[in-house]
1. Checking residue 18 against (1) touching a strand residue (DSSP E or B) at 6+ places or on another chain (Cβ under 8 Å); (2) within 23 Å of residue 134 (Cα to Cα); (3) part of a helix (DSSP H, G or I): exactly one of these is not met. Which one?
2. Name the residues in the stretch 94-115 that are more than 12 Å from residue 25 (Cβ to Cβ) and buried (at least 16 other Cβ atoms within 10 Å of the Cβ), would you?
3. Taking only the stretch 129-150 into account, find how many residues are without any contact (Cβ under 8 Å) to a residue 12 or more places away in the chain and crowded, with 17+ Cβ neighbours inside 10 Å.
4. Output yes when any residue across the stretch 29-48 is surrounded by 20 or more Cβ atoms within 10 Å (Cβ to Cβ) and assigned to a helix (DSSP H, G or I), and no when none is.
5. Just one of the numbered conditions (1) within 21 Å of residue 39 (Cβ to Cβ); (2) surrounded by fewer than 17 Cβ atoms within 10 Å (Cβ to Cβ); (3) in contact with a strand residue (DSSP E or B) (Cβ under 7 Å, 6 or more places away or on another chain) is not true of residue 126; which one?
6. Return the residues of the stretch 66-92 that are in contact with a helix residue (DSSP H, G or I) (Cβ under 9 Å, 6 or more places away or on another chain) and over 23 Å from residue 29 (Cβ atoms); say none if nothing qualifies.
7. Determine if the stretch 79-90 includes at least one residue that is surrounded by fewer than 20 Cβ atoms within 10 Å (Cβ to Cβ) and in contact with a strand residue (DSSP E or B) (Cβ under 6 Å, 6 or more places away or on another chain).
8. Just the residues that are over 16 Å from residue 73 (Cβ atoms), part of a strand (DSSP E or B) and more than 14 Å from the chain's Cα centre (by Cα), please, taken from the stretch 49-59.
């Protein structure tokens, strides 16, 4: 029987550094995310979350004050990418923040489906991503978007290449 050793876990200091790097990447280093106001709400491995506040610039229906469908799609896609990044960080738990950040640069969306369930009404929104499969080359993620009252606005499913 082969001798299988689990990968060593990064130190608590390195984990804190990784979380700071991921927050900075998703909130500031990706200019589009900063423009639309995405903030990391959670880096929990099972369900990372992004949040954003409703602003006049994000309205798609001026008559009803609804969130633009493109914003909904962008939030779901981005939280899917965050989920994959966090999943990879967990899979390679011995790697440094810089090594994980380098892996992030090789992740890309290859398929995205969005189901718009209800009008995007609210003051704040929370996007959550849950990995359904993390393979060696492809990751699959289920995403949700809710308003501050917990009303489900949209769901998404995405596939991401990991090269």
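Every read-out reported here was derived from the displayed coordinates using simple, explicitly stated rules and does not represent laboratory data. Treat the numbers as computed from the prediction; the structure is a model and nothing was measured. A quick note on method: Cβ atoms are made from the backbone with ideal geometry, for glycine too, and the neighbour counts reach across all protein chains shown.
1. (1)
2. 95, 112, 114
3. 0
4. yes
5. Only one criterion in (1) within 21 Å of residue 39 (Cβ to Cβ); (2) surrounded by fewer than 17 Cβ atoms within 10 Å (Cβ to Cβ); (3) in contact with a strand residue (DSSP E or B) (Cβ under 7 Å, 6 or more places away or on another chain) is unmet by residue 126, namely (2).
6. Correct list: 67, 68.
7. No, the stretch 79-90 contains no residue that is surrounded by fewer than 20 Cβ atoms within 10 Å (Cβ to Cβ) and in contact with a strand residue (DSSP E or B) (Cβ under 6 Å, 6 or more places away or on another chain).
8. 53
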